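Report on the structure given below.
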Amino acid sequence: MNMPIVQLLVLAAIAIFLILRLRSVLGTRDGFEKPPAQAPARRDDSRRDFEVIEGGPDHDIIDHAPEGSPSAKALAKMKAVEPSFNVGEFLGGARGAYEMILMGFERGDVEELKPFLAPDVYDSFAEVVESRRQQGLTIEAEFVGVREMSLVEATFDEATKLAEITVRYTGELTSVVKDATGAVIEGSPTSVKRQKDVWTYARNMGSDDPNWQLVATDE
C-alpha cells in the first residue's frame, strides 16, 4: 500500500472519531427536544407583571382626581359605560373649548357656539351680547392662553348615564371695550388680564354624539 492511501485512511479514521465524539457531547436534533428549563419561568413572570399592571390604579383618573374620591369613582363609571373615554383627552378638549367659547362670547359670535352650549347657557350668553349691541358697545379681545386648569368635580348618574365634569380655568387675554364712537371705555389692547372661570360640561355617556355641552358657568 502506497503512502498517499495510508494517509487518507488515517485522516478518515480521525474524522469518524471526531464526529462520534461530537454526537455524544451535543446529541442530535432529531425528534422531540425539551424547551430550555428557564423559559416557563420567564412566561410566568411576564404574566404576573401584566396582572399587576392590569389590576393597578388607573393613572388617567388619579392624575386628575384623588384616588378613591367620589370624582374618581364617577370617572371610573364613565369609563365602564364608554371604554374609549379618556380623562386626559377630555381635558385637552376642554382647554380648546374654553378658548373657543370665551372668545366667541367676547366677540358676540354666540350663534356659532350654539351646538356646544346648553339652552339656558346659550340664552344667557345671547342676552348679554344683545345688551351690548343695544348700547353700541363692541369688544376687541385676544386670547393669550390658559395659565392654570384643573378638574374640580365629576359626577355620573347611572340611571340616565349623564356625566358632568367641572373644570376650573385661569385664562389670560387682552380685552378692550369701545363705545359707538370707537372710544375705549374699558380695558387695554396691551394689558393682559387674568380671568377665572369654573365651567361644567355634560354628556350622556355611550351616546352617538361625542360632543360635550357647557351646562353651567361660574367665577
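The values are calculated or read from the model by the stated rules, or taken from the named source; none is laboratory data. All of these numbers come straight from a predicted model, not from anything done at the bench. In this analysis, Cβ positions are derived from the backbone assuming ideal geometry, glycine residues included, and neighbour counts consider all displayed protein chains. Surface areas here come from the heavy atoms of the whole protein model, side chains and all, with no ligands, DNA or RNA. Shrake-Rupley method; radii C 1.70, N 1.55, O 1.52, S 1.80 Å.
The set of residues from the stretch 96-133 being more than 18 Å from Asp197 (Cα to Cα) and among the charged types (D, E, K, R) comprises Asp109, Glu111, Glu112, Lys114, Asp123, Glu127, Glu130, Arg132, Arg133. Restricting attention to the stretch 100-148, and to residues there that are more than 21 Å from Arg203 (Cβ to Cβ) and hydroxyl-bearing (Ser, Thr, Tyr), which single residue is modelled with the highest pLDDT? For the stretch 100-148, the residue satisfying everything is Ser131. Examine the stretch 165-181 for a residue that is open to solvent by 40 Å² or more (accessible area, probe 1.4 Å), at positive phi and of a type outside the set (A, V, I, L, M), and state whether such a residue exists. The answer is no, given that none of the residues of the stretch 165-181 is open to solvent by 40 Å² or more (accessible area, probe 1.4 Å), at positive phi and of a type outside the set (A, V, I, L, M).
Can you give me the number of residues within the stretch 147-162 that are in contact with a helix residue (DSSP H, G or I) (Cβ under 7 Å, 6 or more places away or on another chain), surrounded by fewer than 16 Cβ atoms within 10 Å (Cβ to Cβ) and either aromatic (Phe, Trp, Tyr) or under 24 Å from Arg194 (Cα atoms) (or both)?
Taking the stretch 147-162 and keeping what is in contact with a helix residue (DSSP H, G or I) (Cβ under 7 Å, 6 or more places away or on another chain), we get 149, 151, 153-156, 158, 161.
Add one more test, that the residue is surrounded by fewer than 16 Cβ atoms within 10 Å (Cβ to Cβ), and what stays is 149, 158.
Still in the list and also either aromatic (Phe, Trp, Tyr) or under 24 Å from Arg194 (Cα atoms) (or both): 149.
Number satisfying all stated conditions: 1.
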